[in-house]
Amino acid sequence: MSETQPGESRGVSPRIVTLLTLAAFINYVDRGNLATAGPLIQGQLGLSNTQLGLLLSAFFWSYVPGQLPAGWLAERLDARRLLAAGLALWALATVLTGLAEGFLTLLIVRVMLGAGEAVMFPASFKILAREVLEEQRGRANGLLAAGLSFGSAFGTLFGGLLMAWLGWRAVFILFGCASLVWLWPWLRTPQRVAVQHEHATVVAPSALALLQRRELWGSCLGHFCEAYALYLVLSWLPLYLVKMRGFSIAEMAPLGAAVYALFGVASLLTGWLSDRWLASGVSINRVRKTALVGGFAGLAGCMSGCASGGPLGSLLAMAGCGICLGIIMTALYATTQTLAGPAAAGRWMGVQNFFGNLAGIIAPVVTGMVVDRTGTFYVGFLIAAVFALIGMFAYGVIVPRIEPIDWRTAEPARWLPAAPPAG
């Protein structure tokens, strides 16, 4: 692929951001289809809630450990081609899901899907950290977060309606084949020169230097807390609306899609407002922490409302969860790229996404077991509310400041304030 000339334009290509947004859209359509089809598959194959939870969790058995090698590969290979290879693999897994005949086969293709999707965020974050200016970071990551949320909305609404009409098998095959179309414009997109950030370094930090950073571990904990709530919603929202609130598949689809649509709108607004706030002279630290701490506080309240509210109250609280997740995710993505910088964004996101997405293994199974034991989602939502409060602490306290780390001179961030000098 050809290089553009230095100085031709400043910042990231709109085409790159658009295609990354579309890749995130496809990513979440394909990973979320099983949750949308859950009530149909459960009835057709005679699965228990625990078995369905295992199928929803199996994606993460390869997705989570795949984050570490994906981050390493994103730093050493062409991140764009790495993303293309991953998308091709996960599209194939989506097609094979529609051909699966039983629990074991579904389990295997879900693991295959996770392996393909593992490269999505390490590769994307390497590209964005390399090519995006700090004052563009909010909008770029708002679009990325909106892509995944609108992907969930599309999969839930149109996927649910198509499944009610064509059956779940045909929809998996159709969506998997459609995903492959993205490869054509992506592989024909020219490279651009990297943005010269103030603290950019040519040599990436060592693994030890990366792992010694307090900011990394605070980000990992905060990401886990956000992901727990996200994957509870992604995995169980369709079944919650059908089994607990009495909606049909056709009625569930627009309600579930509305939650994800609010997520997407909140992502776009958060990105736009944060860039405007930065342009007015407010520090990166204040902009990002305001969104993260405020978003987690709202998420804790809305998850509690889902647990305790009546039919209307719980639906409004679920809508609030969508808004808060959009705020958090946009700021979380931008924070990771700011802290790591272009020298370390791929590996940093690999480590962070590894720990954060352990929630994808835990949340679906724990929620399924809770529902089987209690017959209600009450305790499941309360657990997510507690994790949201922990996420507030992670980004509010454990991450001391959100600003670029200068890897040339970086030392491990202190976990406690330095002692005052004697005398």
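Observations
- Span-rule helices in the chain, defined as complete DSSP H runs reaching 30 Å or more along the axis (Cα) with Kyte mean at least -1.0: 14-45, 49-76, 79-99, 137-166, 214-239, 249-279, 284-308, 311-340
- Shown for C306, C220, C321: other C-beta atoms within 10 Å of each C-beta, ranked fewest to most, produce the order C220, C306, C321.
- Footprinting exposure proxy for F150, F125 (fewest neighbouring C-beta atoms within 10 Å first): F150, F125
- Computed [θ] at 222 nm, helices only, for the chain once each DSSP H run of length n ≥ 4 contributes -39500 (n - 2.57): -26000 deg cm²/dmol
- Relative contact order of the chain, pairs being alpha-carbon contacts under 8 Å that are 6 or more residues apart, as %: 27
- Only one of (1) 20.8, 79; (2) 21.5, 72; (3) 20.3, 64 was calculated from the structure for Rg and Dmax of the Cα atoms in Å, and its label is (1).
- Order of I41, I361, I328 - criterion: other Cβ atoms within 10 Å of each residue's Cβ, fewest first: I361, I41, I328
- Net dipole in debye of the chain [+1 Lys, Arg Cβ; -1 Asp, Glu Cβ; about Cα centre; nearest 20]: 180
Every number in this text was worked out from the coordinates using simple rules, so none of it is lab data. A quick note: this is a predicted structure, and the numbers were derived from the prediction, not measured. Glycine also receives a Cβ, built like all others from the backbone with ideal geometry; neighbour counts cover every protein chain displayed.
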